[in-house]
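Q: This is the structure I have questions about; it appears just below.
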Amino acid sequence: MSSCRSLVAAVLFVAAGGALAQTAYPGIGRAATAPEVAAWDIDVRPDFKGLPKGKGSVSQGQDVWEAKCASCHGIFGESNSTFSPLVGGTTKDDVKSGRVARLTDPAYPGRTTLMKASTVSTLWDYINRAMPWTAPKSLSTDEVYAVTAFLLNLGGVLPDDFVLSDATMAQAQSLLPNRNGMTTDHAMWPGGKPRKPDVQGASCMKDCPVEAGHASLLPDHARNAHGNLAEQNRLVGAQHGADTTRPAGTAAPAAAPAPKPEPPVALALLNKNGCNACHTVDAKLVGPAFRDIAKKYAGQADAASYLGGKIRAGGSGVWGAIPMPAQTLSEADARAIAQWLAEGAKK
């Protein structure tokens, strides 16, 4: 949130200086409008400042969760082999005390989101700006309230009939298991108790020696004694070797860069439709590598049409336990991506 505040401050600064910029550089830039600034100012503070009006029930949140969240975070927030669990590790006693006891248990195997979160506004704000991963900021305000309510219900924090809203956020905050777990007693936060941070730099901070300008130097009489060093070094890495056929300080004429081949259209479509959030071309991420998909269906006569349908409809079980939700990309985009996969997923 602090980074967003800084960004908003920067936008306001630019807006304030807009008139000056227009005077100094006619035709370049303009002052940001109030709606444009408001569009950036979406953060929610722990005191709930910035929280928009809206509401969502636990049951409504379950529908959103199963459609847009469960494929990555699991039906019960237990997640899967890729992501860390969101729910677990908290108890009814934690809800009463506001301190998660297992955070001090070194034998407990992991730390879930609900074990660590001390402000419900953090959950709301993160879901609002970053989820779902493939389409951030696509949830409506009511959907964010609903899915936050469902997540807290999964953790035993809110009852089944709870409706989370701008009016009931404080009630949810009062039940958060680790609401009393935040501390500023680490010298890394303004206003904390005066003490030294646990990480202390030992490098020179004053009157440091000036670094030498040359690490090595070839005298003129020996400059080309053993041939051109530039031809004796690899073309990769930090040391390319000087062109010793020329006087020191004379750069060889730069070779004209080779024309860069145009990337396949499908690569742009993968980026446009958010496919790269879960897949890469060469390596498994959340889902399989595109090249592995191409290998699996190589030689299948109807591979392009089959894969086009799978992209739009989603599915599960073919590549492991993590399901792929149905995608909303256009039929033309799906067909182009599927054809690229059927032809080997070449870069």
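Q: Students often check this: by mean Cβ neighbours within 10 Å, which of 153-162, 105-114 ranks highest, and how do the rest follow?
A: Ranking, from highest mean packing down: 153-162, 105-114.
Q: Cα-based count: Lys pairs in segment 106-239 below 29 Å, eight or more positions apart or different chains?
A: Taking the Cα cut-off of 29 Å, the pair count is 5.
Q: Calculated FRET efficiency, ARG129 and GLN200, Cβ-Cβ r, R0 30 Å, to nearest 0.05?
A: In this case the efficiency is close to 0.30.
Q: Can I ask one more? Ordered by residue, what ³J(HN,Hα) values in Hz, to whole numbers, does segment 68-78 give under the Karplus form 6.51 cos²θ - 1.76 cosθ + 1.60, where θ = phi - 60° and Gly and Pro are x?
A: 10, 10, 5, 4, 9, 9, x, 4, 10, x, 7
Q: Once the Cβ-Cβ distance between PHE76 and THR250 is put in as r, and R0 is 51 Å, what FRET efficiency do you end up with, to the nearest 0.05?
A: Efficiency, rounded to the nearest 0.05: 0.15.
Q: Give the label of the value calculated from the structure for percent of Cα pairs over 34 Å apart, choosing from (i) 55; (ii) 26; (iii) 29.
A: (i)
Q: Follow-up. Compute the length gained on full extension between ILE42 and ALA67: take 0.36 nm times their separation in residues and subtract their Cα-Cα distance, giving the result in nm to one decimal.
A: Here the segment from ILE42 to ALA67 would lengthen by 6.6 nm.
Q: Using alpha carbons only, how many degrees (0 to 90, rounded to 10) separate the axis of helix 303-313 from the longest principal axis of the chain?
A: Tilt relative to the chain: about 40 degrees.
Q: Pairs of alpha-carbon atoms within less than 8 angstrom and 6+ residues apart define the contacts here; what relative contact order does segment 284-347 have, in percent?
A: 45
Q: Let me spell out the model: positive unit charges on the Cβ of Lys and Arg, negative unit charges on the Cβ of Asp and Glu, origin at the Cα centre of the chain. What dipole size does that give, in debye rounded to 20?
A: So the magnitude is around 320 debye.
Q: Run the numbers on the chain and let me know its relative contact order in percent, using alpha-carbon pairs under 8 Å that are six or more apart.
A: Normalised by residue count, the contact order of the chain is 13 percent.
Q: Let me ask something else about it. Taking only Cα atoms, what is the 0 to 90° angle, nearest 10, from helix 120-130's long axis to the longest principal axis of the chain?
A: The answer is roughly 50 degrees.
Q: Work out how much length ASP282 to ALA187 would gain on full extension: take 0.36 nm times their residue separation and subtract the Cα-Cα distance, in nm to one decimal.
A: 29.9 nm
Q: What aspartates and glutamates sit close enough to LYS272 to cross-link, taking a C-alpha to C-alpha distance under 19 Å and skipping anything fewer than 8 places away on the same chain?
A: List returned: GLU262, ASP282, GLU331, ASP333.
Q: Between LYS116 and THR328, what FRET efficiency comes out of the Förster formula 1/(1 + (r/R0)^6) with R0 = 41 Å and r the beta carbon distance, rounded to 0.05?
A: 0.80
Q: Here is a further query. May I ask you to compute the full-extension gain from ASP220 to ALA170, defined as 0.36 nm times their residue separation minus their alpha-carbon distance, rounded to one decimal in nm?
A: 10.4 nm
Q: Here is a further query. Helix 331-342 sits at what angle to the longest principal axis of the chain, using alpha carbons and giving 0 to 90 degrees rounded to 10?
A: Relative to the chain, helix 331-342 is tipped by roughly 60 degrees.
Q: Then there's this: Kindly report, to the nearest 10 Å², the accessible surface of ASP220 as traced by a 1.4 Å probe over protein heavy atoms only.
A: 130
The values are calculated or read from the model by the stated rules, or taken from the named source; none is laboratory data. Computed from a predicted model, the values in this text were never measured in an experiment. Heads up, the Cβs are rebuilt from the backbone with ideal geometry, glycines too, and the neighbour counts pull from every protein chain shown. These area figures cover heavy atoms from the full protein model, side chains too; ligands, DNA and RNA do not enter into them. Shrake-Rupley method; radii C 1.70, N 1.55, O 1.52, S 1.80 Å.
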